[in-house]
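Undergrad: Let me begin by handing over the structure; questions about it come next.
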Amino acid sequence: MALFDLPLDELRAHRSESTEPEDFDAFWDKTLQQAREHGLDARFEPVETGLSTVEVYDVTFAGFGGHPVKGWLRLPAGATEPLPLVVEFIGYGGGRGLPHENLLWSSTGRAHFTMDTRGQGSAWGAGGGTADPVGAAPAYPGFMTRGIDAPENYYYRRVYTDAVRAVEAARSHPLTDATRTVVLGASQGGGITLAVGGLVPDLVAVAPDVPFLCDFPRATTLTDRHPYREIGLFLKTHRGRAAEVRRTLSYFDAVHFAARGRAPALFSAALEDQTCPPSTVYAAFNAWAHDDKAIEVYDFNDHEGGGPFHEARKVRWLDSYA
């Protein structure tokens with residue numbers, strides 16, 4: 001598929017038509033307050049990996065509803081002083097994988113925390129270990145329509161809350177420097193990154209790659225590729241519920257979190273990306289509230305985006321912040 005979305009000059013001006021709920025901030029303040037009524041109970045268990053340059057900890061903390069959420073904390077071997085902290089969120093369907101994987105950020109001398117995504121981890125990679133114990137009304141297979149009948153029930157309410165608590169858990173370890181915390185991720189992980197960027201006020205940098213969960217009104221009508229297509233297929237069966245679904249999604253649209261972004265940000269977009277169309281990425285980028293922001297554009301790439309080329313770009317970029 002060659003270019004299918006708006007021309008680049010129009011992308012640079014694109015704004016989402018998603019309507020922000022009047023009680024958006026109150027909804028999220030209440031959600032996080034309820035989560036914090038449960039003790040964080042962050043536990044860090046050393047893991048024997050055979051690695052000589054990185055130490056790994058198996059992490060469990062209390063997320064939404066006090067439910068146990070897993071993660072990995074990777075530290076450069078022999079660290080004795082608090083380190084800049086990178087918190088990473090995972091793409092749709094993936095899990096935290098195995099402890100010896102994903103060594104880039106700890107290899108740069110930073111602490112690296114990877115959050116498992118509840119209920120996921122069975123579509124690609126080496127698996128996950130976090131259940132989602134909350135039931136939901138009938139939904140299309142996948143995660144996009146679980147609990148979509150109301151914002152209070154929606155799946156991503158739990159995931160975004162887990163992600164904020166993941167930052168708090170990672171910051172609680174004595175070898176992480178809470179004042180130098182970065183959040184990043186690709187695809188679903190990029191969308192979660194944007195949500196955390198709007199909910200956690202004191203991050204030093206944010207790096208969402210080809211982010212998912214942005215500009216729902218456009219995404220759900222522009223692309224027929226999954227996961228966005230799950231929403232259309234749900235509505236194909238549940239006729240007449242589009243307004244209800246749009247209302248629920250408006251509480252989780254990364255565009256609205258971007259409008260609350262308080263940290264420097266590096267985005268990426270791919271102009272042939274049908275999974276997360278570039279206009280939806282630009283909608284979040286253009287809404288990002290902090291003045292120090294940039295976007296890398298990969299003209300002839302699909303959802304792989306910049307891949308390892310962009311990883312190298314992020315390593316260089318983060319040197320200025322953490």
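Undergrad: Picking from PHE4, PHE27, which residue would you name as being assigned to a helix (DSSP H, G or I) and surrounded by 13 or more Cβ atoms within 10 Å (Cβ to Cβ)?
TA: So the residue among PHE4, PHE27 that is assigned to a helix (DSSP H, G or I) and surrounded by 13 or more Cβ atoms within 10 Å (Cβ to Cβ) is PHE27.
Undergrad: Separate question: Can you list residue pairs whose Cβ atoms sit under 8 Å apart, with the first residue in the range 1-29 being of a type in the set (Gly, Ala, Ser) and the second being surrounded by 12 or more Cβ atoms within 10 Å (Cβ to Cβ) and part of a loop (DSSP other than H, G, I, E, B)? Count only pairs 6 or more apart in sequence or on different chains.
TA: Cβ pairs passing all conditions: ALA2/GLU272; SER16/CYS214; SER16/ASP215; SER16/ASP253; SER18/ASP215; SER18/ASP253.
Undergrad: Kindly indicate which of GLY135, GLY125 is free of Cβ contacts under 8 Å to residues at least 24 places away in the same chain, in a loop (DSSP other than H, G, I, E, B), closer than 25 Å to PRO227 by Cβ and open to solvent by 10 Å² or more (accessible area, probe 1.4 Å).
TA: On the way: GLY125 fails: free of Cβ contacts under 8 Å to residues at least 24 places away in the same chain.
Within the list GLY135, GLY125, the selection yields GLY135.
Undergrad: Going through THR193, THR221 one at a time, which residue ends up being of a type in the set (S, T, N, Q), open to solvent by 20 Å² or more (accessible area, probe 1.4 Å) and either closer than 24 Å to HIS14 by Cα or touching a His at 6+ places or on another chain (Cβ under 9 Å) (or both)?
TA: Working: THR193 fails: open to solvent by 20 Å² or more (accessible area, probe 1.4 Å).
Only one candidate qualifies: THR221.
Undergrad: Among the residues of the range 155-181 satisfying the criterion of being out of contact with any helix residue (DSSP H, G or I) (no Cβ under 6 Å at 6 or more places or on another chain) and among the hydrophobic types (A, V, I, L, M, F, W, C), which is surrounded by the fewest Cβ atoms within 10 Å (Cβ to Cβ)?
TA: Here the answer is LEU175.
For every residue, the table says whether it meets (1) open to solvent by less than 10 Å² (accessible area, probe 1.4 Å); (2) touching a Leu at 6+ places or on another chain (Cβ under 6 Å); (3) in a helix (DSSP H, G or I); (4) closer than 11 Å to VAL210 by Cβ.
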{"residue": "GLY232", "(1), (2), (3), (4)": "no, no, yes, no"}
{"residue": "LEU235", "(1), (2), (3), (4)": "no, no, yes, no"}
{"residue": "GLY240", "(1), (2), (3), (4)": "no, no, no, no"}
{"residue": "VAL245", "(1), (2), (3), (4)": "yes, no, yes, no"}
{"residue": "GLY261", "(1), (2), (3), (4)": "yes, no, no, no"}
{"residue": "LEU266", "(1), (2), (3), (4)": "yes, no, no, no"}
{"residue": "ALA269", "(1), (2), (3), (4)": "yes, no, no, yes"}
{"residue": "VAL281", "(1), (2), (3), (4)": "yes, no, yes, yes"}
{"residue": "ASN286", "(1), (2), (3), (4)": "no, no, yes, no"}
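Here's the yes/no breakdown for (1) in contact with a Gly (Cβ under 7 Å, 6 or more places away or on another chain); (2) over 22 Å from MET144 (Cβ atoms); (3) among the aliphatic types (A, V, I, L, M):
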residue: VAL200; (1), (2), (3): no, yes, yes
residue: PHE216; (1), (2), (3): no, no, no
residue: ALA243; (1), (2), (3): no, no, yes
residue: PRO278; (1), (2), (3): no, no, no
residue: ALA289; (1), (2), (3): yes, yes, yes
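Undergrad: Moving on. Going by the structure shown, is GLU230 out of contact with any Phe, Trp or Tyr (no Cβ under 7 Å at 6 or more places or on another chain) and under 18 Å from PRO151 (Cα atoms)?
TA: Working: out of contact with any Phe, Trp or Tyr (no Cβ under 7 Å at 6 or more places or on another chain): no; under 18 Å from PRO151 (Cα atoms): yes.
For GLU230, the condition - out of contact with any Phe, Trp or Tyr (no Cβ under 7 Å at 6 or more places or on another chain) and under 18 Å from PRO151 (Cα atoms) - is not met.
Undergrad: Of the residues THR221, THR275, only one is free of Cβ contacts under 8 Å to residues at least 40 places away in the same chain and not charged (D, E, K, R); which? Talk me through it step by step, then tell me what you get.
TA: On the way: THR275 fails: free of Cβ contacts under 8 Å to residues at least 40 places away in the same chain.
So the residue among THR221, THR275 that is free of Cβ contacts under 8 Å to residues at least 40 places away in the same chain and not charged (D, E, K, R) is THR221.
Undergrad: May I pose another question? Are any residues in the range 31-56 under 26 Å from LEU199 (Cα atoms), outside any loop (DSSP other than H, G, I, E, B) and not β-branched (Val, Ile, Thr), and if so, which ones?
TA: LEU32, GLN33, GLN34, ALA35, ARG36, ARG43, PHE44
Undergrad: Something else now. What is the one condition in (1) within 18 Å of the chain's Cα centre (by Cα); (2) surrounded by fewer than 22 Cβ atoms within 10 Å (Cβ to Cβ); (3) assigned to a loop (DSSP other than H, G, I, E, B) that ILE295 does not satisfy?
TA: So the condition that ILE295 fails would be (3).
Undergrad: Say whether the condition of being under 30 Å from ILE295 (Cβ atoms), assigned to a strand (DSSP E or B) and at pLDDT 95 or above is met by at least one residue in the range 88-100. Spell out how you get there, then give the answer.
TA: Restricting attention to the range 88-100, the residues satisfying the condition of being under 30 Å from ILE295 (Cβ atoms) are 88-97.
Those left that are additionally assigned to a strand (DSSP E or B): 88-89.
Restricting the remaining residues to those that are at pLDDT 95 or above gives 88-89.
Yes; the residues of the range 88-100 include at least one that is under 30 Å from ILE295 (Cβ atoms), assigned to a strand (DSSP E or B) and at pLDDT 95 or above.
Undergrad: Among the numbered criteria (1) of a type outside the set (Asp, Glu); (2) more than 27 Å from THR220 (Cβ to Cβ); (3) buried (at least 23 other Cβ atoms within 10 Å of the Cβ), which one does PHE89 miss?
TA: Every condition holds for PHE89 apart from (2).
Undergrad: Further question: Hey, any hits in the range 11-24 for a residue that's over 21 Å from the mean Cα position of the chain (by Cα) and part of a helix (DSSP H, G or I)?
TA: yes
The values are calculated or read from the model by the stated rules, or taken from the named source; none is laboratory data. Predicted model only: the values in this text are computed from it and were never measured. Quick reminder, even Gly has a Cβ in these numbers, built from the backbone with ideal geometry, and neighbours come from all protein chains shown. What goes into the accessible areas is simple: the full protein's heavy atoms, side chains included, and nothing from ligands, DNA or RNA. Shrake-Rupley method; radii C 1.70, N 1.55, O 1.52, S 1.80 Å.
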